[in-house]
Structure formats: structure tokens, C-alpha cells
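J.: Before I ask anything, here is the structure I am working with.
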């Protein structure tokens, strides 16, 4: 089995072009098991594009996105899988997936990568509980015999549905929405919607959780609650999290590893402390050239 | 009562002047609007030339009625409405409303079940056929079609303007297979459903990438193509003339006729055509209930939840690992299957079908019923079908209007005119339909109705 | 070759009529994002108005100059149809602006049913035919016993369409109203913020759409010499196809799309099967929407995640 710190997702030479615009340019990085990996950068740096490539919403122009299920031994077949032209390959240790070859829904269904969205995408007219039930669609679909058995109300489906409700209930409790479980998701306050979206992604039973600016629009208290929730998800479930964040303070507090993007190019990669003091990163965030950093820092009193 | 302040009296005077001016303007506008088509009538004279008649009397009566209505609205209705708006809205749920909410569905179902006997009891065997067939069966066919389309439009949020094509496939499948191979209704009913859903998948495949009004237009195009093929493929369908002599359904093998082995003779009853009508009534009632029952069941299954999730947010669905292509196709196929059932029933009931029964107008009416009823609400759809189809059917019986408008007046002419007008009016009055709230499919503690503003509109 | 040339002429004529209607669809879709289902019926109503105006002029007032009569008929049809469409927008669509997405579409379908039945009830269900207004033609080519002709009425249609398109282009490209329309197309809220009267602009869009439909209606009546209450639906759908083919929202696209649809229809009738000519039009519609939803001149629609 895999240990915390083993490579889970390997992004190699990812490039995404929209017409003449290069949104992501030859980006390579890794996300590790049980870690919170943050992808940061100023507006328009290409962070969301990277996410959309990983989760299958965009087809990358170039590059390889390998994801591991099971033990680290599966990386042995990476080249074989690449050459075979297939999407995934089994291995004694587990399985290996090439995400760039999979359509969006299969990335979640088979490779088990779940995601949230920058501008929350819940099902507003469905209740909190229903949102979490939809997330367990594939499991329940199987239990309902692809609907055919379910229409006749077979007991095995009823049991599967009870189990799904139970899992949903656990998550509702964890994100603190028990009192509002039967309210429509669209009625929840903003912070609660963010938490619900994370719970919904977790209900798909992922190996990698991708969060697109989960702290955007939250007040400091909600932001702190979010940090706590993410740490719980990492510590209690051993979940690996890939996070886009705009807000440096959130990132520095909870991430194990930080990758900084600017104009689609990786400019730094390391532990939060290392990145924090990187001149290039500061320059990118202040929007000035490298050699002017000291000057600007002096001006603003850093 | 306290004396009214002077300015209130003054403002009322101003109001009246304004109301009068508005009424005159409205009248003028109505005059211009109706001048060409009401003021003049094109008729062909004895020699076959087109000449004009004038209808000033009619034109001025219509203008007067419209101006009068505008005045009445401004003087009587508008003050009352604004008064009502000012008054606080009662929030406490009335016990009557609770009671109605709980009992209205069982009552409606009960009434639908005893309806044929009520009719026979009231008007006797003689007049019963008209009321059970023209009214009861007709309304139920549209209830069933509405419920079937509701799966596609109301639940999955995909606007299908070619639904009648699947109804046609069901009808022609039954008619052709029954005539060619002599298969019985009970074998062909499921077969017609399967064939229709097959067509649903076939037509559904290419259109799934489309969104919004584009999807609606392509489904319309497909519906029309199927109708045009039915018209032009004369060898198979007999074209415009249609197919006649379609075998009628039997009572599990016993035909409804005056013979010795007929239904009446077997059960020791006196022969009357009403038995067949009653049987057909219960057949369509059972089919409609089947549609409703399956829909209720499907909503609580993952596939039904995925449909509704699709209506709410397709991208979010995909991010949860839901295969949206398959989900849309199942919605299309399921909806089409019920249309196929209804179609084969229609062919069996009429004994005659032609492409005329499957025009765009039919599709539009069914969509109208679903949207007017409130997308996704089965009760709403049933009420809308009753109001729109039943209402226009009742128009056929307004003979007393002949006393007012003269013996040449034919109320049936105005059926579709009023149908179209009612569609516009109801949309303006309640854009989200009669019942627009949504009932959750599953709950932890209590089932709370979800307000219409939150429920997604679908994008297809 | 001769057949081809003749059908080319016929197709362009028919296509001009479709193009004029298509502009109405494309403008209304551009500005309020709605398929104005009743537009085909507005076209049909305009043909009836033109018919009645023509009968008043010729059989009541005894006007003998066909050219003058045609000009008056055209103006009368444009004015009355504009008022009708203005009223339709005011009553059936404006109250639904910003409301449930399907409501305006259903309202438009209802309006289409209403208009069709209104004309049926008020004018009777039979075809209305008039003697030909303009006769005579040029023989362009006479070979193998097949004369390729360009009739005077076809010339009139080409001429009127061209003149109106230039006027219309001027209106949209150069005037204040045209600017307001383009602003509303881009962003209605923003346009309102910078002082564009959005309601008025939308009303004017319907008025212009109706005027062009009325030109098409008059030309249709003159070309075929017959009109019936049911003549709105199929030309309406074909014109919509033209708008989609040209790229919905694109005005030159609508005209070119119209001519293409006219050509497809006439060529299909000549070389394949006249029975299936409407199937061809509907198939073009479906195929365009499925494989080229942005049309020939439209902007591509990118899915935002």
C-alpha cells in the first residue's frame, strides 16, 4: 500500500493553448498522497485551466497527467500505458490512469478525482441531502440494477439507499449543516454552500480532492472553519487535496506544498516557507519586475 | 368614517380623466389593429373572384368592448388590486388549504375512477359516449402525454418540441403491425413503447450537445421530418389518406361487438357501444396511472435524481461522475416510451390515423400543458391538461352562444383561437406555471416544499 | 444547365423572401435571446393585410397603375404589421422579460397559434388567390426548347429586397437606434445604465422586424398570387433555418442564409424530389444546429466552466 508522501498525481509538460493564447506553458509538478498541495498565483495565471485539464473539462494541448490508485509500484507501467494509447492500466499494486485521455465524468467515476468550482455549482433547487445523494449516483445506479430493479423496489436497493443516506448524514454533520439538511441548497448562506460543495465532492469517494478557490468570498471566521475542515479531511481520511488559492494567508497555514504559477509558467515549487521568501513570487504578486522588488518592498514597508 | 382629504378626491378625479383617456387610446389602437382583418373580409364571389366585404358593426363592437374593458380595469379592478397589494399577506396556513392539499389527489383519483358511471348515471347510455370519449378519454390522453413529456422537460430540463413524433411512431407501429401481422393490442402496446423509445434514443443522440432554444428547434425539425416522411412514404403509410380499419382492442380476447361471442353477450348484458368506450376509458386511465407511478418511482431512484440534477447544473453533474449523455438519453427514451404507449392507444381507439393527428400543433399543445402546469409537477400537468383540453372540448357544446351570435355561429371554430390566447394569458399571469414548487425526493427529518425561485430552469 | 440557371433565379427570389423574414428572427434573438415563434405568422398576417390593401386599391378605388398600387400596398402592410408586432411584444413578451426561461417561448407559441386561428376565423379557411399583378418576363436563354426566364415580378422582388436591405443596413450601422440595439445585444443591463431606453429599443426591434416581414409578405403575395392562414409556419421555419445557417445574430448572415435556403429548396425540387423539399429544409436546420451551431457567420459559443 501507499504511504503518505508517495506521489499520487504526476503532471508532466502540461500545455494548454486557446487559439494563440498560451494559458498554461509546459507545467510539471507532483501532488503527494495525504498532502495538501496548493496551486497559487495572481489572477489569470492559468490555475483554473490546470484544474480543468486535470478534471477532464479541457483536453490539454500537450502533456501527461498520471494518477495512481494503490501502491507506488504502479508508476512502473507509466510508459507502457502511454504507448498503449489506453486510458488506464491495471497493475499488481493497483491501477494507473492517464487523466488527459479521459472525458470529465470518467475522471470522477473511474479515476476518482473530485472537484469543486470557483463559482459554486450546487443544485440549488435540491435539498442539501439530495445534493449529497446525487454525488453517490454511480454507486446507487449499480445498486438499482441500472434502474430496472429499482423500479420494482428490490430490497437490496433499499439497503444501498439507506447506506447512502447514512453517508450523506455523516458529511452533513461534519460540515455543520444538520439543522438545514432538508433545506434547498440555494437557500444556504455562502459559506455553508462552499462547505456543502466540498462535502458533495467527498461523497463521490475520491482519491484526490481538487478545490478551486474554496476560500473565495468567505469572511475570516468562515475561512478559519474551512481550514479546519480541510485539515480534518486530510488527517482523518488521509485524503490528498489539490487546492487553488488566491489568498496567500490561507495557503501558508494549511498546505504542505506550494506551486506558484504566473502567466501559465511555474515560477516556484516548494514548502510554504520557501515559496514565501522567493523573490520571483513576490515580484509576481506585486506585479513588478524582479529587480524592482526591493524597491517596492521598501515603499510599502515590508 | 373620517371625511376624505381634499387631495384624495382631487386625485380621484384626475384618475378618472386619465382612465378615460387611456380607454380612448386603447380603443383607437384596437381600431387600427383590427381594421384590416376584422373591418374587411375577403370572400370569393359567384364568379370566383376575390372581393371585399366590410364588417363595420363587428369592428366597432370589438373596439367598444376593448375600450370598455380598459376603462373598467382602470376604474374598478386597478384600485382594488393596489389595495390588496398594500394589505399584509396572511402567512398562517389556513386549515382549509391543508385539508385540500391532503385530500385533493385521492379525491381526483377517485373521481377519475367512478367518472364513467357518473356519466352513465347522469345522461344514460345514449349520451354517455360523447362525455366519456370526447371528454374523458381525450383529456386523459393529454394527461398521459403531459406526464410523459414532463420527464423530459420538467425533470431533465430538456425542451422537446417534437414529442408528437414519438406519439406518431407508437400509433403507426400499432396500426401497421396489427394490420399486417394481426398481433393483438396487448403484445403491440409494449412493442410500440419499445419502438418509440428506440426512436427517442436515435433522435436524442445527435441533439444532446445542444442547449437552450437550439435543442427545442432541432427536436421540432425532427418531429416535422417524421411527419413529412409519414405523408410522403405512401407505400407504407398511405400518405395523407392515412390508415383505416385498424383493429380495435379486445377485452382480453373478447371483442366489443353485437355478436354472440361479444362482450355484452358473454356477460349477459344488452349490447351498447358504451361498453367499449368505458373499457377504453379505463385502459387510458390505467396507462396514465402507470406513467405517473413510474415517474414517481424514477424520481426517487438515482436516475431520476440525476435528471433533476441535470436540469439544475449540467457541469456540476459531470464533476460528480455522472454520464450526462446517458442520463439525457434515458430521459428521452423514457418520455418517448410513454408517448409510444399513448400513440398505440390512440390508434386503437380511433381505428383510423393520418399524419394530420401529429402536427407541430400537437407538440406545442403538450409542451404548453407541461409548462402551464408547472414543470415537474404532476398535479399541475393534470390540471393544465384538464383546463386546456377539457376547456376547449367543452367549447364544442356551447350551443347557447348561437342564441346570442346567430345560428351561423360555430363555437368550435374558436377553440384553437382561445387555446392560443389562453397560453399567452397563463404565461403572463404565472410564468412558472400553476404549481411551480418542488417536492424533495428524500429527507432526513421533514419534507419541505422548495420554492420555485430556486428550482432550475434547465438549459435544453 | 438551363434547368440549373432557371432554378438559380427562382432560388434567389425565394431566398430573398426568406432572408427578409430571417432578419426578424435574428434581430429578436440577438436582442432578447428568444426564438420569436410567432414571426412566421406575423409574416402571414402581413400578406393578408397586403391582400386587403390591394383589393381596396384595385377593386374599390379602381387604381390602374400597378406600380403605384404596389408601392401603397407595401407601405400600408409595413405600417399595420409594425403596429401588430409592436402590440404583440407589448402584451405577450414584455411582461415576461427576465422571467422563467421557457415562458416567452411558450407565450410566443401561443401567440403563433392565436394569430393563425385569428386569421382563419376572421378571413375563412380557404386559399385566397388574386389575379397576377405583374406579367411578362425576359427570356435570358433559349436552348434545347427550354427558355430560361427572369420574370418582371422576380426583378421587382430583387430590386425591393436590395433597396430595403441597404436602408436597413444604414439604420442598424449608422443611426442612434442601431447603436442602441447593438448595445442591448451586448449587455442589456449595462446599456440601461448608460442611458439606453431598453424597452423602447426592443419595441423598435420588433417594429423593424415586422416591417421587413411585411415586405416579405407583400412580395410573397405578389409572387405566388395566393395566401392562406396556414402559410406562416413553414416559411417561418425555413426563414428561421436561414437565420441559423447564417449564424444567429448576424444580419448579413440572415440574408445569405435565406438565399442559400431558397437555393437548396429549388435545387432539391429540381434534381431530387419535390415531395421531400420541406424535409430537405428541416434537415438543413437540424444538421446546421448539430454540426455548426454558430452558423456561417456567427460567433462561436464557448462553454464556461
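Each reported figure results from applying straightforward, stated rules to the coordinates on display, with no laboratory input. Note that the coordinates shown come from a computational prediction; the quantities given were computed from them, not determined experimentally. Don't worry about glycine lacking a Cβ; one is built from the backbone with ideal geometry, like all the others, and counts go over all protein chains shown.
J.: Between residue B:209 and residue A:278, what is the FRET efficiency for a Förster distance of 45 Å, r being their Cβ-Cβ separation, to the nearest 0.05?
T.: Working: r = 44 Å, r/R0 = 0.98.
For R0 = 45 Å, the calculated efficiency reads 0.55.
J.: For the protein assembly as shown, give me the percentage of DSSP beta bridges that are antiparallel, rounded to the nearest 5 percent.
T.: Values: 45 of 62 bridges.
Antiparallel bridges make up about 75 percent of those DSSP assigns within the protein assembly as shown.
J.: So for segment A:120-205, averaging the separation of alpha carbon pairs under 8 Å that are six or more residues apart and normalising by length, what relative contact order in percent results? Each step should come with its number before you reach the end.
T.: Working: 89 pairs, mean separation 42.3, N = 86.
Value for segment A:120-205: 49 percent.
J.: Could you check the spin-label model distance between residue A:82 and residue B:17? Points 7 Å from the Cα along Cα→Cβ, value in nm.
T.: Taking the two extended label points, one gets 8.7 nm.
J.: Which log10 I(q)/I(0) values, to two decimals, does segment A:120-205 give at q = 0.11, 0.13, 0.16 Å⁻¹ under the Debye formula with one point per Cα?
T.: -0.30, -0.41, -0.59
J.: Where does helix C:277-291 land angle-wise versus the long Cα axis of chain C, in degrees 0 to 90, nearest 10?
T.: Once rounded, the angle reads 30 degrees.
J.: Now for a different question. So how do C:138, A:105 line up by other beta-carbon neighbours within 10 Å, fewest first?
T.: On the way: C:138 12, A:105 23.
So the residues, fewest neighbours to most, are C:138, A:105.
J.: May I ask you to compute the full-extension gain from residue B:104 to residue B:24, defined as 0.36 nm times their residue separation minus their alpha-carbon distance, rounded to one decimal in nm?
T.: Contour length minus Cα-Cα distance gives 24.3 nm.
J.: If you don't mind, another one. Given an 8 Å cut-off on Cα distances and at least 6 residues of separation, report the relative contact order of chain C as a percent.
T.: Reported relative contact order: 36 percent.
J.: Taking chain A as a Gaussian network, where each spring joins two C-alpha atoms under 10 Å apart, which residue of A:197, A:76, A:100 fluctuates the most?
T.: Evaluated over chain A, the most mobile residue of the options is A:76.
J.: Would you mind ranking A:139, A:276, A:200 so that the residue whose beta carbon has the fewest other beta carbons within 10 Å leads the list? Spell out each step's value before the answer.
T.: Values: A:139 18, A:276 15, A:200 28.
Ordered by Cβ neighbours within 10 Å, fewest first: A:276, A:139, A:200.
J.: Still on this structure, please answer the following. Could you work out how far apart the two model spin labels at residue B:425 and residue C:273 are, taking each label as a point 7 Å from the Cα in the direction of the beta carbon, and quote it in nm?
T.: Reported label-point gap for residue B:425 and residue C:273 is 4.5 nm.
J.: Continuing with this model, one more query. Rounded if a/c is under 1.5, else prolate if a/b is larger than b/c, else oblate: which is chain A, with a ≥ b ≥ c the root eigenvalues of its Cα gyration tensor? Don't skip to the answer; put the middle values down first.
T.: Details: a/c = 2.07, a/b = 1.35, b/c = 1.53.
Taking the square roots of the gyration eigenvalues as a ≥ b ≥ c, chain A is oblate.
J.: If one computes the Cα centroid of segment B:121-179 and of segment C:114-193, what distance in Å separates the two points?
T.: 40 Å
J.: Turning to a different aspect of this structure: With the cut-off at 1.5 for a/c, could you classify segment C:99-141 from its C-alpha gyration tensor as rounded, prolate or oblate?
T.: It is oblate, given that a/c is not under 1.5 and a/b is not larger than b/c.
J.: Here's something else I'd like to know. Within 10 Å of each Cβ in A:98-106, how many Cβ atoms from other chains are there, averaged over the peptide? Could the numbers behind the result be given before it?
T.: Values: counts 0, 0, 0, 0, 0, 4, 9, 11, 3.
Partner-chain Cβ atoms within 10 Å, mean over residues of A:98-106: 3.
J.: Test of understanding: ordering B:260, C:278, C:142 by Cβ neighbours within 10 Å, fewest first, what list do you get? Could the numbers behind the result be given before it?
T.: On the way: B:260 8, C:278 20, C:142 11.
The most exposed by this proxy come first: B:260, C:142, C:278.
J.: Give the average over all directions of the projected area of the C-alpha convex hull of chain C, one decimal, in nm².
T.: Averaged projected hull area, Cα only: 17.5 nm².
J.: Also: Where does helix A:155-174 land angle-wise versus the long Cα axis of chain A, in degrees 0 to 90, nearest 10?
T.: Between helix and principal axis, roughly 40 degrees.
J.: Quote the FRET efficiency, to the nearest 0.05, computed for residue A:92 versus residue A:205 with a Förster distance R0 of 22 Å and r equal to the Cβ-Cβ distance.
T.: On the way: r = 23 Å, r/R0 = 1.04.
Step by step, r from the Cβ atoms, then E = 0.45.
J.: Still on this model: Relative to the longest principal Cα axis of chain B, at what angle does helix B:212-232 sit, 0 to 90 degrees, rounded to 10?
T.: Approximately 50 degrees, to the nearest ten.
J.: Residues of B:224-231, mean number of Cβ from any other protein chain within 10 Å of their own Cβ, rounded to a whole number?
T.: On the way: counts 9, 9, 2, 3, 9, 3, 0, 4.
Across the residues of B:224-231, the mean count of other-chain Cβ atoms within 10 Å is 5.
J.: Over all directions, average the projected area of the Cα convex hull of segment C:33-103 and note it in nm². Kindly include the intermediate steps, with their values, before the conclusion.
T.: Details: hull surface 21.5 nm².
Across all orientations, segment C:33-103 yields a mean hull projection of 5.4 nm².
J.: Still on this structure, please answer the following. Where Rh denotes the Kirkwood radius from the mean inverse Cα pair distance, what is Rg over Rh for segment B:104-429? The partial results should precede the final answer.
T.: Working: Rg = 20.3 Å, Rh = 20.7 Å.
Expressed as Rg/Rh, it is 0.98.
J.: Please work out whether the protein assembly as shown counts as rounded, prolate or oblate from its C-alpha gyration tensor, where a ≥ b ≥ c are the square roots of the eigenvalues and a/c under 1.5 means rounded, while otherwise a/b larger than b/c means prolate and anything else oblate?
T.: It is prolate, given that a/c is not under 1.5 and a/b is the larger ratio.
J.: Please report how far the C-alpha centroid of segment B:184-259 lies from that of segment A:148-164, rounded to the nearest whole angstrom.
T.: 33 Å
J.: How much mean residue ellipticity at 222 nm does the protein assembly as shown get from its helices, if each DSSP H run of length 4 or more adds -39500 (n - 2.57) and you divide by all residues, to the nearest 500 deg cm²/dmol?
T.: Numbers: 43 runs with 619 residues, N = 1067.
That comes out to -19000 deg cm²/dmol.
J.: Relative contact order for segment C:1-159 using alpha-carbon pairs under 8 Å, separation at least 6, rounded to a whole percent? Intermediate results must be reported in sequence, preceding the final value.
T.: On the way: 118 pairs, mean separation 45.1, N = 159.
Relative contact order comes out at 28 percent.
J.: Nearest 0.05, what FRET efficiency do residue B:410 and residue B:76 give at R0 = 41 Å with Cβ-Cβ as r? Write out the running numbers ahead of the final one.
T.: Values: r = 33 Å, r/R0 = 0.80.
Efficiency at R0 = 41 Å is approximately 0.80.
J.: Divide the volume of the convex hull of the Cα atoms of segment A:235-276 by its number of residues and quote the answer in cubic angstrom per residue.
T.: Values: hull volume 3.4 nm³, N = 42.
For segment A:235-276, the hull spanned by Cα atoms encloses 81 Å³ per residue.
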